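What follows is calculated from the coordinates using simple rules that are stated; it is not laboratory data. Note that the structure is a prediction, hence the values are computed from the model and not measured. FYI the Cβ positions are ideal-geometry reconstructions off the backbone, even for glycines, and counts take in every protein chain you see.
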Amino acid sequence: MKRNLVIATLGVFACSSVFLLCSCAKKQVVGEEKEITAPVKEAAKVEEEKPAAVEVAKEVKAEEEKEVKKVEEARIEKPKELEIAKKKEAEEKVWEDRGGIRLEAEPVYFDFDKSFIRPEYRPTLTEKAEFLKDNPNVHIRIEGNCDERGTNEYNLALGERRAESAKGFLASLGISPDRIETISYGEERPLAVGQNEDSWSQNRRDDFVIMKK
């Protein structure tokens with residue numbers, strides 16, 4: 001009986017040892033799993049943040065490229081603007097040399113109650129025609145004027161005939177009528193206000209205005 005008691009005690013001891021060993025092993029495995037899985041989670045977090053960082057870098061690079069492009073365009077544009085300014089200045093000089101200012105500054109005058117072109121003003125109109133031929137993009141307006149004698153209605157009609165007379169003369173020299181506009185101001189725009197022939201003669205005229213170039 002004593003022998004059986006010893007055997008039973010040994011059996012209980014053996015079972016307890018096995019149980020304790022199993023428990024320790026399980027804890028150790030769980031601990032190892034935590035140690036292994038923790039870095040995996042951190043790596044996943046880094047992978048999630050990586051695309052966002054790449055997008056930010058792309059945006060920064062795009063902005064930098066835009067700035068570089070602006071600087072380059074400005075560098076190219078400045079000489080271009082200077083070239084355009086010089087070209088415009090040269091064109092204006094040519095414009096003056098070719099008679100643009102003179103065309104507007106030289107009226108054609110008429111006799112009292114008449115609308116035909118006087119012989120002394122035909123060279124003036126011929127010169128205007130030459131200018132218009134040299135500058136085919138130029139359109140002009142001829143403005144007919146009268147002195148104060150006569151009714152408003154009559155003077156408006158007379159001014160129109162004077163403007164049309166100059167237009168017809170230019171057309172006979174090869175200038176397209178489509179480039180010439182006419183208008184009559186009658187007695188509304190006098191250059192001189194005196195009540196004498198000297199003043200009246202200055203008001204019987206055609207003025208010439210450049211419309212576009």
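A few notes on this one:
- The residues packed around residue 117, meaning those with a beta-carbon under 14 Å from its beta-carbon, carry a net charge of +3 if Lys and Arg are +1 and Asp and Glu are -1.
- 19 Å cut-off, amide nitrogen to a point 7 angstrom out along residue 87 Cα→Cβ, residues in the range 132-153: 135-138
- Calculated diffusion of the range 107-212, Stokes-Einstein form, Kirkwood radius summed over Cα pairs, 4 °C and 1.567 mPa s, µm²/s: 94 µm²/s
- In this structure, residue 141 and residue 75 have a Cβ-Cβ separation that, at R0 = 45 Å, corresponds to a calculated FRET efficiency of about 0.55.
- Straightening the chain between residue 161 and residue 191 buys 8.9 nm, computed as 0.36 nm per residue apart minus the Cα-Cα spacing.
- Amide H to amide H, with H built 1.01 Å from N, residue 146 comes under 5 Å of 186, 187, 188, 189, 205, counting only residues 5 or more places away or on other chains.
- In Hz, Karplus ³J(HN,Hα) per residue of the range 114-122 (6.51, -1.76, 1.60; θ = phi - 60°; x = Gly, Pro): 10, 10, 7, 7, 5, x, 5, 9, 5
- Rounded to 5, percent antiparallel among DSSP beta bridges of the range 137-213: 50 percent
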